[in-house]
1. Take the conditions modelled with pLDDT under 90 and surrounded by 13 or more Cβ atoms within 10 Å (Cβ to Cβ) and apply them to Trp42. Does it pass?
2. Looking at the range 24-39, which of the residues that are without any contact (Cβ under 8 Å) to a residue 12 or more places away in the chain and not in a helix (DSSP H, G or I) is most open to solvent (accessible area, probe 1.4 Å)?
3. Quick check on my filter: what residues within the range 68-97 are farther than 17 Å from Ala29 by Cα, in contact (Cβ under 8 Å) with a residue 12 or more places away in the chain and in contact with an Asp or Glu (Cβ under 8 Å, 6 or more places away or on another chain)?
Amino acid sequence: MARAGGAGLAGDPHASGWTSVFAQGLAEALAGSRPPRQIAPWTTEQARRRIRQIGPLLPSGPRPVVRRVLTSAPRRDVVEMTVIVGIGPLTRAIAVRLERAPPDPGRPGRGRPWLCTVIEAA
């Protein structure tokens, strides 16, 4: 099930447009125009490590612009995104996997946040 932008079903992270907002924040963190700590609450340690590895490979300069976000839900509680980003005259693709965080027994009834667990860039 592929979706573009913020279209989605209730309960999905794309229903509120969150995937597009997260994609823009991630692109900015990778390009160095936003401190990576700003998206840390929505990333795992593995994803943060990958941001540190990939970031220097992307051109710095103009603020990146997310041109398109394609999402799919290969299974419940998993969303995979392809993010097409323009950085000046260049275009890059970022692949992202989001997983719903495990339930917090101390906060029953609260929505579980989505965490970025995998990031790849081309």
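1. no
2. Arg34
3. Scanning the range 68-97 gives Thr71, Ser72, Ala73, Asp77, Val78, Val79.
The values are calculated or read from the model by the stated rules, or taken from the named source; none is laboratory data. Given the structure is predicted, the values throughout are model-derived calculations rather than measurements. Positions of Cβ are backbone-derived with ideal geometry, glycine not excepted, and every protein chain shown enters the neighbour counts. When the accessible area is computed, the model is the full protein with side chains, heavy atoms only, and any ligands, DNA or RNA have been set aside. Shrake-Rupley method; radii C 1.70, N 1.55, O 1.52, S 1.80 Å.
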